[in-house]
Amino acid sequence: MAGYLLQRALALVPVLAVVSVVTFGLIYFMPGDAAATMLGPEATQEQIEALRESLGLNDPIWVQFWSWLTAAVTGDLGTSIFMNRPVTEVLMDALGPTIHLAIQAQLLAIIIGVPAGILAARKQGTGTDQTVMVGALMGISVPSFLLGLFLMLLFGVILGWLPVAGYRPIEDGIGESLQYLALPTIALGAMQAALIARMTRTAMLDTFSKNYMKTAKAKGLKDRVSLYKHALRNASLPIITTIGQTLGTLVAGAAVVETVFNIPGIGQLIVNSVERRDVVVIQGVVLMIAVSYVLINFLVDILYSVLDPRVRFTGGDS
Amino acid sequence: MSTENDPRAGAAGASGPAGKDDITVGSLNRFNKTRSRRSKFLRRFAAHKLAITGGTILTFVALVAIFGPMLTGSPTAVDAANRLQGPSADHWFGTDNYGRDVLARVVEGARVSLLVGAITALLTSIFGLAIGLYAAYNRVADAILMRISDGLMAFPGILLAIAIMAALGQHSTNVVIALTIVFTPYVARIVRSSALVVKEQTFIEALHAQGASRSRIIWINMAPNVLSPMIVQATFVFADSIITEAALSFLGAGVPPPAPSWGNMLLDGKTVIYNAWWMTLFPGLFIMATILAINLLGDGLRDLLDPTYKGKGATGRKKRKAAKKAAEAAAAQREKEAVGGTQPVVPAQATRAAEFETTSRRPEGQ
């Protein structure tokens, strides 16, 4: 187990290295003088020079990268040029609503996606299967921000049932919070549910063809028992993987859906920063999400090997 | 269907003129077979209802994008007297908050979206093909290129695109650059995994023995054999780029106004959603229809370019089911393998990729 852990952990190093180089490099993607672009046309030469100095743009690139990296590792992501506040602080403020939305959407997706996938697998090739699969294809074809706009139009504007904008944390009461987050949650959860349904179906069909399922049937086990106790249990690993792997995309998706519903989260922060070309903030957001994505995948890997010891012995070097 | 969509035709074409002294490919034989194969492909395509539906919708949108602007008025002509008018005989899709014709803007937006999607799909195919082939061919290149693509794939696509746009600045060309950086790794991975299989084939060994040059083997002998999975993946990149471009423009980080794109039209529409539903509905419907069409077409192409697919009919259906089942089982296996190694992949693509990889590993016509 320790060897396996070490091996997995070592595999993270090159990925994290590329992630940090790309994030750091963003400032070099900027055409012309980065400091001048960030400050806009009204900035004076002294201001630009001061910013260059504080960003360390006058140092050799290796020195810059090293100081940026060591600072980032200790949680210092620089200072927002526009807001004049540490990026870490700004990020923490914006993170709450985004995580809330992402978790709620994930739960909804699991509640819908897993049973739908099981149903489709059990009725493989029938109308039910096709309905679920077409539904899933639709779910994947409608981008979440667009679904959000459509839901807003239908339930918010035409029917007037739900608020179309804003955010209430859970502390303001679960009912109220749910009301505000209902539409964004559905908008974000739909695509996720579609992905989970597809994966569940595939994984279930895979287990159905296994010999132990034949054995279960041969010994007269009830369908229900063999379905949940044998098939679902074995199929749960790829499903968990899908859920883990999609967390990063889900957070990014939450950021987009947030802007539809004016929820003050990471999405709003990104949009505002893009408008102000506050690249330091963007670097912070991107780095944080990518790194948490890599780490979550690592944890899912570990969880996987705990749940299924076979992985440790056979899947270690793939 | 042009020949580009039939990799076998492409393969024969590529080895046709150069193949006279090529004892391993059997180019003459293949050349004769090409025509019958192509018509078989077309027949199977015609029998695939979903692919046909997708192709029809996409063709319609493409025709709208090409010829529409000649029929509609200017997409940027401001008419202050007719702001926020609902759909009418004059303005079928209504007018927006500047009095601009929404139909004209949707039509022009189709042009922008399809163009961005198509150019991105083309560029990612070219880069993905080159990177994937060299990675499959050379171990050192493989280690470096695949670690870089792992790293790029650790960023959620939309987020990386936003970040690049924030750095580069708002411009249509920059959208294409950003999307190409985001999606190339996905194509490269698919090409690499198919190429690794092709590389082990006897005919490549024979070419080595004959002393064929590296670039000859890579570009003339290996490339044609990885085209079909690449084309399918390119189809999905096409769809994903359209979605991502729309999202970018909606966030104000994509195609800059006043040029219309479906995404920035939705952004305009959102601010007046209480007064003008048509500004949200029509561009939205066009995005939805286009993406659905491309996904259907992609799924269809995947089935059709898959050698295990046997068409329909009483026995054919059974066979197909069996093949599908096997493919799905293998897909699940791939998923597990993907977990065994740390390959941070966006699941939509991973699943598609896995589904395809397992069925497309047999190189065509060898």
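So the values come out like this:
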{"item": "Candidate set from segment A:16-59 (those that are in contact with a Lys or Arg (Cβ under 7 Å, 6 or more places away or on another chain) and of a type in the set (A, V, I, L, M, F, W, C)); member that is modelled with the highest pLDDT", "result": "A:18"}
{"item": "Residues (farther than 20 Å from residue A:99 by Cα and open to solvent by less than 10 Å² (accessible area, probe 1.4 Å)) located in segment A:154-193", "result": "A:156"}
{"item": "Helices (runs of 4 or more DSSP H) fully within segment A:208-318 counting 3 or more residues that are out of contact with any strand residue (DSSP E or B) (no Cβ under 8 Å at 6 or more places or on another chain) and more than 10 Å from chain B (Cβ to nearest Cβ)", "result": "A:211-218, A:233-260, A:279-307"}
{"item": "Filter result (without any contact (Cβ under 8 Å) to a residue 24 or more places away in the chain, open to solvent by 40 Å² or more (accessible area, probe 1.4 Å) and under 19 Å from residue A:291 (Cα atoms)) within segment A:62-85", "result": "A:66, A:67, A:70, A:73, A:74, A:76"}
{"item": "Residue that is nearest to the other protein chains (Cβ to nearest Cβ) [pool: residues in segment A:52-66 that are part of a helix (DSSP H, G or I) and over 33 Å from the mean Cα position of the chain (by Cα)]", "result": "A:52"}
{"item": "All positions within segment A:34-48 that are farther than 14 Å from residue A:81 by Cα and either away from chain B (no Cβ under 14 Å) or basic (Lys, Arg) (or both)", "result": "A:42, A:44, A:45, A:46"}
{"item": "Any chance residue A:164 is out of contact with any strand residue (DSSP E or B) (no Cβ under 8 Å at 6 or more places or on another chain), outside any helix (DSSP H, G or I) and among the β-branched types (Val, Ile, Thr)", "result": "yes"}
{"item": "Condition check for residue A:170: of a type in the set (Val, Ile, Thr) and either in contact (Cβ under 8 Å) with a residue 12 or more places away in the chain or under 22 Å from residue B:266 (Cβ atoms) (or both)", "result": "yes"}
{"item": "Filter result for residue B:126 (of a type outside the set (Phe, Trp, Tyr), in a helix (DSSP H, G or I) and in contact (Cβ under 8 Å) with a residue 60 or more places away in the chain)", "result": "no"}
{"item": "Residue in segment B:119-131 that is under 18 Å from residue B:240 (Cα atoms), of a type outside the set (A, V, I, L, M, F, W, C), at the interface with another protein chain (Cβ under 9 Å from one of its Cβ atoms) and buried (at least 19 other Cβ atoms within 10 Å of the Cβ) present", "result": "no"}
{"item": "Condition broken by residue A:151, with the remaining ones in (1) within 14 Å of another protein chain (Cβ to nearest Cβ); (2) more than 20 Å from residue A:192 (Cα to Cα) satisfied", "result": "(2)"}
{"item": "Answer from B:231, B:243, B:287 - the residue that is farther than 21 Å from residue A:156 by Cα, open to solvent by 20 Å² or more (accessible area, probe 1.4 Å), facing chain A (nearest Cβ under 9 Å) and of a type in the set (A, V, I, L, M, F, W, C)", "result": "B:243"}
{"item": "Residue count for segment B:197-219, restricted to those that are open to solvent by less than 60 Å² (accessible area, probe 1.4 Å) and either touching a residue at least 60 places away in the same chain (Cβ under 8 Å) or acidic (Asp, Glu) (or both)", "result": "8"}
{"item": "Single residue of segment B:259-279 satisfying the filter (within 8 Å of chain A (Cβ to nearest Cβ) and surrounded by 23 or more Cβ atoms within 10 Å (Cβ to Cβ)) that is farthest from residue B:54 (Cα to Cα)", "result": "B:269"}
{"item": "Selection within segment A:138-161 - assigned to a loop (DSSP other than H, G, I, E, B) and closer than 17 Å to residue B:245 by Cβ", "result": "A:142, A:143"}
{"item": "Positions within segment B:173-196 being of a type outside the set (Val, Ile, Thr) and either within 21 Å of residue B:156 (Cα to Cα) or free of Cβ contacts under 8 Å to residues at least 12 places away in the same chain (or both), in sequence order", "result": "B:174, B:178, B:179, B:183, B:185, B:186, B:188, B:189"}
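The values are calculated or read from the model by the stated rules, or taken from the named source; none is laboratory data. Quick caveat, the model's predicted, so the values are computed rather than measured. Because the Cβ atoms are built from the backbone with ideal geometry, glycine has one as well, and the counts that use them run over all protein chains shown. Ligands, DNA and RNA are excluded from the accessible area calculation, which covers all protein heavy atoms including side chains. Shrake-Rupley method; radii C 1.70, N 1.55, O 1.52, S 1.80 Å.
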